[in-house]
Amino acid sequence: MYQVVRKLFFTDCQCAEDASKTYDDLFAKLDTNKDGKVDVSELKAGLAAMGIKTGKGAAQKIVSSGDKDKDDGLDFNEFSNYLKEHEKKLRLTFKSLDKNNDGRIDFLEIKQSLADLGMDISKDEAQKILNSIDVDGTMTLDWNEWREHFLFNTATNLQEIIHYWKHSTVLDIGDSLSIPDEFTEEEKTTGMWWKQLSAGAMAGAVSRTGTAPLDRMKVFMQVHSTKSNKISLVGGFKQMLKEGGVASLWRGNGINVLKIAPETAIKFMAYEKFKKMLSSEPGKVKTHERFMAGSLAGATAQTVIYPMELMKTRLTLRKTGQYTGMLDCAKKILRKEGVKAFYKGYVPNLIGIIPYAGIDLAVYESLKNFWLARYAKDSANPGILVLLGCGTLSSTCGQLASYPLALIRTRMQAQASLEGSEQMPMNLMVKKILQKEGFFGLYRGILPNFMKVIPAVSISYVVYEHMKSNLGIQK
């Protein structure tokens, strides 16, 4: 079958006449009902009959990409144009991977190419990727093998790994301390990066709005719940509804959503700058350099938008009539407490970035490498459940590690707005909580925090997919 496919599709002659005849023969084989166009079902059935493996949904993607007149099928011109353009992209990808320009790709070149894009994989994992494409058993890939394997697949295995395993902005569980996404040079030059960031921001906005009552309950318990004043979930919600009605459950959500856009933009720009500054070799970013750049970018973004963080806490905890809105809240804080008040709790917030980002990255990389080593066979795509599971688990682990610092930050932000509350620095507050409430006093509000993770991730994913479709982002 391999020789038949090779003979049918590819010859060593690269002239336009031979290429056109090859495409013509292929089109005739695929157009089974002879109506002058190839639709999704014909393409899928025809390729399967010829023994050509394609990824899930590849036939639909090929037709959608090449169908310029939107008639749900490809005529000969559309079909041949798609193949010519796709071959050009494959040639560029092949050349970029062939580091020593010997016309062949080995597993070390695969490993190096992924490292250049900020993804560290082991030699065994690189070998496994190569083996899935290598037909003649030479342990290297020539241009014909590469072209045959990928002509009817819309992404290469290397591109798939980067595409599928990016720690995506789709996951928004309320905290913004994770390391920003990696974008390939192609995504940066085509402007795809801002579309992905916009889709992620919109997903985060809808997700935060959907889980705002649980977020308010978390903040409420962090500040007011103690050993002597235990607040249950049901009791807390009853108290909120009695004091301010149903609408009070969304207090503080407006500013929580509003801060997504500036924080995302600042973090992305700062991350790109810090990566260039910290990378030991131009264009290559190692995992520890990525962690450092991500942490510094997070710190930069938090420093700029921190006054909004403080206002979010104050607005979330406010009583009916205390503030008329965001502007009124800012004016009252400035008048009563001065400019410094906008940075209360800044230190524990800054320190919290390191355990959150570090553990989030380490857990995600470990889970990704484990899956690639154990289960990656024909494709690097693990499926949406595995991806969401890995992302959720890594973010939750990061949150668990940094939660005590988040609680200290929230209490310091709220201090001045609480009647009779003692103003104290971070070290004394930690000491007081440990003395009076024990270690678990640092985890007040963790239950509603974890309860909102699954709905937050689910909402984020659904909205992100819709935004991707609306913005024309390829899946």
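The values are calculated or read from the model by the stated rules, or taken from the named source; none is laboratory data. Small disclaimer: the values here were computed from a predicted structure and weren't measured. Here Cβ is always computed from backbone atoms with ideal geometry, including for glycine, and neighbour counts include all displayed protein chains. To get the accessible areas, we keep the full protein, side chains included, count just its heavy atoms, and leave off ligands, DNA and RNA. Shrake-Rupley method; radii C 1.70, N 1.55, O 1.52, S 1.80 Å.
Accessible surface calculations at 1.4 Å, restricted to protein heavy atoms, place segment 353-448 at 47 Å² per residue. Full extension of the chain between residue 209 and residue 33 yields a length gain of 58.3 nm, computed as 0.36 nm times the residue separation minus the alpha carbon distance. Could you work out what % of the accessible surface of segment 253-386 is carbon and sulfur, using a 1.4 angstrom probe and leaving DNA, RNA and ligands out of the count? That share works out to 68 percent.
Computed over the alpha-carbon atoms, segment 393-475 gives an Rg to Rh ratio of 1.18, Rh here being the Kirkwood radius from the mean inverse distance.
Here the simple spin-label model places points 7 Å from the Cα toward Cβ, and for residue 436 and residue 347 these points are separated by 2.0 nm.
Rounded to the nearest 0.05, what FRET efficiency do residue 428 and residue 239 give with R0 = 41 Å and r taken as the Cβ-Cβ distance? Could you check? In this case the efficiency is close to 0.90. For the cross-link pairs 344/452; 267/431; 259/468; 88/128, the ones whose C-alpha atoms lie over 30 Å apart are 267/431. Stretching the chain fully between residue 124 and residue 303 yields a gain of 60.3 nm (0.36 nm per residue, less the alpha carbon separation). Think of a 1.4 Å ball rolled over the protein heavy atoms: segment 198-279 then has 45 Å² of accessible area per residue. Spin-label model, residue 418/residue 100: points 7 Å from Cα along the beta carbon direction are separated by 6.5 nm. The listed peptides 310-320, 385-395, ordered by packing as a protection proxy, come out as 310-320, 385-395 (highest mean of other Cβ atoms within 10 Å first).
How high is the FRET efficiency between residue 373 and residue 229 when r is their beta carbon distance and R₀ equals 41 Å, given to the nearest 0.05?
About 0.25, to the nearest 0.05.
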